[in-house]
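Working notes for the structure below.
The values are calculated or read from the model by the stated rules, or taken from the named source; none is laboratory data. Keep in mind that this is a model prediction, so the values were computed, not measured. Note that we place each Cβ from the backbone using ideal geometry, even for glycine, and neighbour counts take in every protein chain shown.
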Amino acid sequence: MPDAYLALETGDVVEARARAPGAAQGELVFTTAYTGYEESLTDPSYEAQVLTFSYPLIGNYGVREERFESDRVHPYAVVAREMTDDVAEWLEAEGVPGVDHVDTRDLVTDIRDRGAMKVGISAGPDASPEEAKAQLDSCPHMSDLTDIGADVSVEEPIHHEGSGARVALIDCGAKGSIVDSLTARNADVHVLPYDVDAAAVEELDPDVLFISNGPGDPANFEAAQALVEHFTDELPIAGICLGQQVVARALGGTTKKMDFGHRGVNQPVLDHDTGRVVMTTQNHGYTVDEPGDLTVTQINVNDDTPEGLDSTEYGILTRQYHPEANPGPHDTLDFFDEVLELAESRQVTA
Ligand SMILES: NC(=O)CC[C@H](N)C(=O)O
């Protein structure tokens with residue numbers, strides 16, 4: 001007897017087994033990552049999404065807090081072929097519905113055919129297809145979550161003292177390992193709320209403005225975009241994932257929603273300068289369409305979408321993938337060295 005249901009925008013209702021009870025709604029996406037489920041589930045960029053793992057067994061090396069990217073689970077529900085008790089218990093403790101015994105090959109094929117879509121989920125002893133459908137019917141579109149930054153950002157600034165370049169990290173939902181990658185290089189990191197204004201940033205006199213990753217539509221991060229507009233040509237600027245999208249929009253570029261996005265740990269990226277292809281961790285559903293005043297320096301080998309942008313004129317460097325590489329691969333960690341070099345050159349010339 002099924003005790004969980006997924007109502008899809010295709011009109012289908014998929015039966016499943018409840019592993020963590022509850023009802024949920026969100027944007028149904030999939031990741032091909034075969035490792036790193038703790039990092040994915042605690043990545044704030046998954047806020048308001050329902051995450052399907054295409055890899056068939058999730059949880060086979062337990063759940064350990066030191067691998068978390070934030071202090072909670074961000075997807076609104078989790079779907080797997082088979083989920084271990086460790087993961088099911090973790091989700092239940094967090095109040096996040098989890099379901100398994102789903103033919104995830106089928107579900108992923110639906111998402112690939114139709115694109116990321118809304119889903120309603122009902123799981124547990126009282127679950128019903130009707131509840132799943134009601135969840136689906138009231139699910140907002142991702143782009144309509146205009147203040148999603150408030151759900152994932154710090155409320156007050158946090159300072160990680162260091163002896164190196166001073167970084168103003170705008171927390172649009174930053175993964176913990178972005179902060180760790182900077183502090184490991186002695187940076188003096190100020191983590192600031194997503195809606196901080198230019199005057200508050202100016203007071204810190206940073207050497208670089210750094211826009212983090214984050215959930216939802218980059219068009220909804222207007223305050224961060226305004227900061228980039230304000231500080232262009234005044235400070236070096238860096239961005240990761242949503243950060244790249246926000247920076248591009250501020251420099252006259254555009255972003256658009258992809259069909260089903262890039263989520264996984266083996267996305268190949270070509271660097272035009274070196275001719276090298278690196279393997280990257282990714283999690284995004286939007287992409288830069290037109291880069292505005294920026295130059296595309298790296299592209300995704302699968303679909304040619306921009307993966308790296310820069311402006312030597314303004315001292316801007318961004319990545320669409322996650323160079324902080326948690327859970328890995330580690331091919332792209334040198335991004336942080338490049339950004340901090342930019343910041344230090346500003347220290348010398350300032
Ligand atoms: N990881 C991210 O920063 C994701 C960026 C944005 N929310 C997207 O889906 O494209």
Problem set entry | Of residues in segment 13-67 being part of a loop (DSSP other than H, G, I, E, B) and within 16 Å of the ligand (Cβ to nearest atom), the one nearest to ASP126 (Cα to Cα) | ALA48
Seminar exercise, completed: LYS118 fails exactly one of (1) under 20 Å from the mean Cα position of the chain (by Cα); (2) part of a strand (DSSP E or B); (3) exposed (fewer than 14 other Cβ atoms within 10 Å of the Cβ), namely (3)
For this session: Report, by residue number, each residue of segment 1-12 that is assigned to a loop (DSSP other than H, G, I, E, B) and of a type outside the set (A, V, I, L, M, F, W, C).
Result: PRO2, ASP3, GLU9, THR10, GLY11, ASP12
Seminar exercise, completed: Output for Cβ contacts, cut-off 9 Å, separation at least six or different chains, first residue closer than 13 Å to VAL288 by Cα in segment 227-248, second among the polar types (S, T, N, Q) and away from the ligand (no atom under 12 Å from the Cβ), reads VAL246/GLN225; VAL247/GLN225; VAL247/THR232; ALA248/THR254
Problem set entry | Residue list for segment 53-70, restricted to those being under 15 Å from the mean Cα position of the chain (by Cα) and free of Cβ contacts under 8 Å to residues at least 60 places away in the same chain | none
Exercise. Could you list, in sequence order, the residues of segment 130-154 that are away from the ligand (no atom under 16 Å from the Cβ), surrounded by 14 or more Cβ atoms within 10 Å (Cβ to Cβ) and not in a loop (DSSP other than H, G, I, E, B)?
Worked result: GLU131, ALA132, LYS133, ALA134, GLN135, LEU136
Problem set entry | Enumeration of residues in segment 133-144 that are over 13 Å from VAL50 (Cα atoms) and either over 23 Å from the mean Cα position of the chain (by Cα) or of a type in the set (S, T, N, Q) (or both) | LYS133, ALA134, ASP137, SER138, SER143
Problem set entry | Qualifying positions in segment 31-74 - of a type in the set (A, V, I, L, M), buried (at least 20 other Cβ atoms within 10 Å of the Cβ) and under 16 Å from VAL265 (Cβ atoms) | ALA33, LEU41, LEU51, ILE58
Exercise. Any residue at all in segment 294-316 that is touching a Pro at 6+ places or on another chain (Cβ under 9 Å) and closer than 24 Å to GLY162 by Cα?
Worked result: yes
For this session: Among the numbered conditions (1) under 24 Å from PRO329 (Cβ atoms); (2) of a type in the set (A, V, I, L, M, F, W, C); (3) at pLDDT below 95, tell me where MET1 comes up short.
Result: (1)
For this session: Could you name every one of the helices (runs of 4 or more DSSP H) located completely within segment 155-252 that has at least 1 residues being away from the ligand (no atom under 16 Å from the Cβ) and surrounded by 16 or more Cβ atoms within 10 Å (Cβ to Cβ)?
Result: 176-183, 198-204, 222-231
Exercise. Filter segment 313-348 for residues that are small (Gly, Ala, Ser) and surrounded by fewer than 19 Cβ atoms within 10 Å (Cβ to Cβ); which is farthest from ALA238 (Cα to Cα)?
Worked result: GLY328
